[in-house]
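Below is one structure, written out as structure tokens, with a few remarks after it.
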Amino acid sequence: MTTTDAGAGAGADAGATTGTSTEAGTEAEEIPLPHGGSVWRHVIRTPLRDGTVLVADLYTPGPRPVAGPVLLERTPYGRRERRVSDGLHRHDPHERGEPILPEEQAAFFAGRGFNVVRQDCRGRGDSEGTFVKYLCEAADGYDTVEWTAEQSWCDGRVLTTGVSYSAHAQTALAALSPRHLTAMFVDSGGFASAYDAGVRMGGAFELKQATWAYRHAFHSPAALADPVVRAALESQDMRAWFGAMPWRRGTSPLRSVPEYEEFLLDQWERGPFDGFWKQLGIYGRGYYDDFPDVPSLHMVSWYDPYIRTAVENFQQLGARKNSPAYLVVGPWTHGARSVSHSGDVDFGPAATLDGNLAPDYLEFRAEWFARHLAGPGEDGPDRYPPVQYFLMGGGSGLRTDEGRLDHGGSWRVADAWPPREAEPVRLYLRERGALTRDEPLAGVDSEIAYDFDPAHPVPTIGGQITSGEPVMVGGAFDQRTDDTVYGGEPPHLPLASRPDVLVFETDPLPEDVAVAGPVEVRLAVSTDAPDTDFTVKLVDVHPPSADYPNGYAMNLTDGILRARYRNSYERPEPMEPGEIYDITVIAPDTANLFKAGHRIRLDVSSSNFPRFDVNPNTGGTEAGSRRRVVATNRVHLAPGTPSWLTLFVVGERS
């Protein structure tokens, strides 16, 4: 049942006219658009199985909705709020970069034959209930899809779209097998396993969850209703709080909004992979067989925390379903597909989705949905490439007019990921920091020892981060601190100068080397602590130039393993002092062309803060240990205990 709600909390636009009643008896508002034309908006209410009512806007071309396919997006960020990840204006050069309005996006799809629904998630915007991050989206989304399919303005086909949280919401509802789900466009999210990417990685906790919780606590009912709560949040210095970890209940920047504090600490304290991490909404891996057999597209970025999620969803749904799955990966940060740079590096005009894969993000999605509504055939899905990925690299290496490194790159297509032409190549970590295909020499007993002090962790400089502000940002950067880097200290030397960062690199490459696929590091390690961390970072080292006389060490991807989980995430095991263990550290996939003259570099250490929480080295609880001790860690390089990096190398024409 739909009802009139022209005075909803989200508010009608000032320029809206209150129009006429539809055939269903709902009040329709005609919304004028900034660049001409209009779209009609109807406020609808969806009842859920537990009696909660969710509020949404239904957009239609005219005042009386006509049955058609429905494009559904569910969001916790306000159904009428504009977001950069929704797309950018492309009407004229003066407006390039301005986020489009939700009604503009809806009008575009309404003009392509869709009725569009944008819904506030439970407990957000005008929807009833209590917001619980991630864990309500499966049932709420399922109920929304099936209710929508029964309405007179739906022809029984419901397609989902959305970025980040709205992507998580899509795969959450898909796990409950809604009969009327027709296609999914999953952009920068959609948990395969939150334990492996998005909340934790390698057993370590991703502290973007802390900055996300703080920023979105301002939208909590308590903060919206009570100016004292809001003032308490505004008074917090998040960068200072990151220097006062571990946080405790009642002693954190979230103390004024206990529900946000509890949710954050509950995730943080759950180190082992237990039933909590297998819940609907955050563990698609456990429900792939239940996903409907429908087309799905998985879009992500090389500097996005959800690379592993997108790759796994693409691979698993492609293998298990008859319907096609697609993967699109660009060189961007989270959802920033319409700009050519990421961090301090520019990838050239070819890097954007806009103008390369399609005129813009709206057209890209519209074309994809149209192909899959049409079915197989000349204009159907069989003509769409399974994988489109951006191979970074190949640029001049000079400084652009905007002051960024010109790294360049180009789009490639493949029918699988990694590309079938890709071959795994093993590069051994060798004595004196060499990285080579040659195995360690017999008779050479080699190891490198370093002290890992949790009080002085290695600073995070870019990487696969989102929602990290004001403490950290994602993207590609020279691996040298400056005043903007959390934990960076004068004289701001390269991270490679630290004694707790082990650097292994090739000689200057005699020819170009393209890599595309997963990045895996097998380390032989030992420590004098009951537990510690090991981190890896793949780096493209540009040679010195007039613009960069010290060269440029550009980060590509990085990973971490909390050593207590080396054998099992379910059953942590302490380490025995001095015993050598073989561990595997996984970094998210990447694709990069290392130009001739560049070096392939691998950095090994034991911290990457504030991207990940810091191991206290005591073997105590990760989130609550008040003690920290220095661990002496060793990486072994001898023939009997080799360590190596595995990359997938592709041919120049793949």
Share of antiparallel DSSP beta bridges in the chain, in percent to the nearest 5?
70 percent
Length released on extending from SER152 to ALA370, taking residue separation times 0.36 nm less the Cα-Cα span:
76.3 nm
Each label point is 7 Å from the Cα along the Cα-to-Cβ direction; what then is the distance between the points at LEU441 and VAL53, in nm?
7.9 nm
Ranked highest first by average number of other Cβ atoms within 10 Å, how do 105-115, 274-284 line up?
105-115, 274-284
Give me the accessible area of THR527, 1.4 Å probe, in Å² rounded to the nearest 10.
10 Å²
Derived scalar couplings ³J(HN,Hα) [region 527-542; Karplus, 6.51 cos²θ - 1.76 cosθ + 1.60; whole Hz; x for Gly, Pro]:
7, 9, 10, x, 7, 6, 10, 10, 10, 9, 8, 8, 10, 9, 9, 6
Under a crude label model (7 Å from the Cα following the beta-carbon direction), how far is LEU493 from GLU573 in nanometres?
3.8 nm
When all alpha-carbon pairs of the chain are counted, what percent fall beyond 41 Å?
27 percent
Fraction of antiparallel bridges per DSSP, region 168-327 only, in percent to nearest 5:
30 percent
About the Cα centre, and with charges only on the beta carbon of Lys, Arg (+1) and Asp, Glu (-1), how big is the dipole of the chain? Nearest 20 debye, please.
580 debye
For region 556-654, just say rounded, prolate or oblate: build the C-alpha gyration tensor, square-root its eigenvalues into a ≥ b ≥ c, call rounded for a/c under 1.5, and beyond that prolate if a/b exceeds b/c, oblate if not.
prolate
Hey, how much of the P(r) for region 226-273 falls beyond 15 Å, as a percent of Cα pairs?
48 percent
Classify region 349-442 as rounded, prolate or oblate from the Cα gyration tensor: take a ≥ b ≥ c as the square roots of its eigenvalues, call it rounded if a/c is under 1.5, otherwise prolate when a/b beats b/c and oblate if not.
oblate
If packing is taken as the mean number of other Cβ atoms within 10 Å per residue, what is the order of 574-584, 622-632, highest first?
622-632, 574-584
Spelling it out for THR182: with amide H atoms placed in the peptide plane at 1.01 Å from N, the residues 5 or more places away or on another chain with amide H under 5 Å from its amide H are VAL158, LEU159, THR160
Quick check: at a probe of 1.4 Å, how many percent of the accessible area of the chain sits on carbon and sulfur atoms?
49 percent
Compute the length gained on full extension between ILE580 and ALA319: take 0.36 nm times their separation in residues and subtract their Cα-Cα distance, giving the result in nm to one decimal.
90.2 nm
For region 388-399, what does the Karplus curve 6.51 cos²θ - 1.76 cosθ + 1.60, with θ = phi - 60°, yield as ³J(HN,Hα) per residue in whole Hz, taken in order and with x for Gly and Pro?
10, 9, 9, 8, 5, x, x, x, 6, x, 8, 8
Phi angles of region 141-158, converted by Karplus (6.51 cos²θ - 1.76 cosθ + 1.60, θ = phi - 60°) into ³J(HN,Hα) in whole Hz with x for Gly and Pro, give x, 4, 4, 5, 4, 6, 5, 4, 4, 8, 7, 5, 8, 10, 8, x, 10, 10
Range of Cα positions in region 506-610 per principal axis (Å), largest first:
49, 26, 26
Could you rank the peptides 312-320, 563-571 by their average count of other C-beta atoms within 10 Å per residue, with the highest value first?
312-320, 563-571
Rounded to 10°, Cα long-axis angle of helix 361-374 versus longest principal axis of the chain:
70 degrees
Of the convex hull drawn through the C-alpha atoms of region 141-248, the volume per residue in Å³ is 147 Å³
Please work out whether region 480-561 counts as rounded, prolate or oblate from its C-alpha gyration tensor, where a ≥ b ≥ c are the square roots of the eigenvalues and a/c under 1.5 means rounded, while otherwise a/b larger than b/c means prolate and anything else oblate?
oblate
With each pseudo-label sitting 7 Å past Cα toward Cβ, what's the SER410-ALA225 distance in nm, one decimal?
6.0 nm
Taking every pair of alpha-carbon atoms in region 409-531, what share in percent sits in each 5 Å bin, from 0 to the bin with the longest distance?
2, 7, 12, 15, 17, 18, 15, 9, 4, 1, 0
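The values are calculated or read from the model by the stated rules, or taken from the named source; none is laboratory data. Being a predicted model, the structure only gives us computed values, none of them experimental. FYI the Cβ positions are ideal-geometry reconstructions off the backbone, even for glycines, and counts take in every protein chain you see. All accessible areas refer to the heavy atoms of the entire protein, side chains included, with ligands and DNA or RNA removed. Shrake-Rupley method; radii C 1.70, N 1.55, O 1.52, S 1.80 Å.
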